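The values are calculated or read from the model by the stated rules, or taken from the named source; none is laboratory data. Since the model is a prediction, treat every value here as computed from it, not as a measurement. Here the Cβ positions follow ideal geometry from the backbone for every residue, glycine too, while neighbour counts run over all protein chains shown. The accessibility values were calculated without ligands, DNA or RNA, using every heavy atom of the protein model including side chains. Shrake-Rupley method; radii C 1.70, N 1.55, O 1.52, S 1.80 Å.
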Amino acid sequence: MSSGAALRRDGKKLVRSPSGLRMVPEHRAFGSPFGLDEPQWVPDKECPRCMQCDIKFDFITRKHHCRRCGKCFCDKCCSKKVPLPRMCFVDPVRQCAECVLVSQKEMEFYDKQLKVLMNGATFSVTLGTSEESELMVCRLSNNQRYLFLDGDSHYEIEIAQISTVQILTEGFTPGEKDIHTYTSLLESQHITEGGNTRATGMLLQYKEPGAQDVTQMKFTASEDSNSNKKQSATWLAAMHKAAKLLYESRDQ
């Protein structure tokens with residue numbers, strides 16, 4: 001693909017919605033997998049009272065819509081304005097107390113973990129059932145839609161095609177209780193989370209475009225130096241957060 005085509009594909013535009021100004025992708029299909037759509041607002045005629053404290057709306061007590069959930073609240077129950085990058089808002093927007101807590105937790109991912117994933121880390125990567133491994137740098141693409149793996153070989157894994165993420169922890173094998181596991185991110189399957197032991201690797205399953213079978217990759221943290229090992233563990237912890245965000249976003 002030419003650089004011009006790539007720029008057009010990843011281009012952004014400024015749009016105004018009832019909720020505020022948003023910087024969104026030129027083409028919806030190329031949006032971040034971590035993004036959320038704006039909710040439909042509860043119609044004014046359907047909310048004569050605050051959906052939190054039940055106070056009746058009148059000329060003095062005005063109604064406000066939470067930009068994250070779309071429900072109706074009084075000013076007291078929906079007064080805070082906080083950033084909402086998952087909906088591409090340019091400025092902080094009004095949210096109810098419950099949504100504020102969720103958005104504030106997500107800001108750690110956007111402020112810290114997302115940058116870690118984009119900076120990348122070095123892993124020993126094994127494809128499928130092969131006994132051969134290759135030292136590769138793995139990073140999240142700038143548009144957040146792909147994992148890029150670069151070594152002697154090159155792979156591009158679309159985040160939307162990932163079905164299973166298992167973060168492996170020190171001293172345990174797949175299937176034991178102290179493994180952080182987020183399975184079937186795109187389907188309705190069970191989710192479990194283990195303890196806080198050090199992350200040492202990752203099992204990733206995904207479908208390549210046009211393929212029927214699932215491809216599996218195993219990532220093992222680099223042992224080249226303590227700094228590389230620490231960087232790899234930090235990257236895996238960030239990937240764990242990303243997987244959790246994707247899983248939970250199915251219900252939002």
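Being closer than 20 Å to LEU246 by Cβ and in contact with a Lys or Arg (Cβ under 8 Å, 6 or more places away or on another chain) is a property that does not hold for LEU140. Cβ-Cβ distances below 9 Å connect the following pairs, each with a first residue in region 199-212 that is within 20 Å of HIS154 (Cβ to Cβ) and part of a loop (DSSP other than H, G, I, E, B), a second residue that is modelled with pLDDT under 90 and open to solvent by less than 20 Å² (accessible area, probe 1.4 Å), and a separation of six or more residues or different chains: LYS207/ILE162.
Looking across region 198-239 at every residue that is out of contact with any helix residue (DSSP H, G or I) (no Cβ under 9 Å at 6 or more places or on another chain) and among the small types (Gly, Ala, Ser), the one that is modelled with the highest pLDDT is identified as SER232.
Any idea which of ARG16, ARG22 is open to solvent by 20 Å² or more (accessible area, probe 1.4 Å) and in contact (Cβ under 8 Å) with a residue 40 or more places away in the chain? Within the list ARG16, ARG22, the selection yields ARG22.
The residues listed here are VAL125, VAL42; of these, the one that is within 26 Å of MET23 (Cα to Cα), under 28 Å from the mean Cα position of the chain (by Cα) and of a type in the set (A, V, I, L, M, F, W, C) is VAL42. Screening ALA242 on (1) open to solvent by 40 Å² or more (accessible area, probe 1.4 Å); (2) modelled with pLDDT of 80 or more; (3) out of contact with any Leu (no Cβ under 6 Å at 6 or more places or on another chain) shows it passes everything except condition (1).
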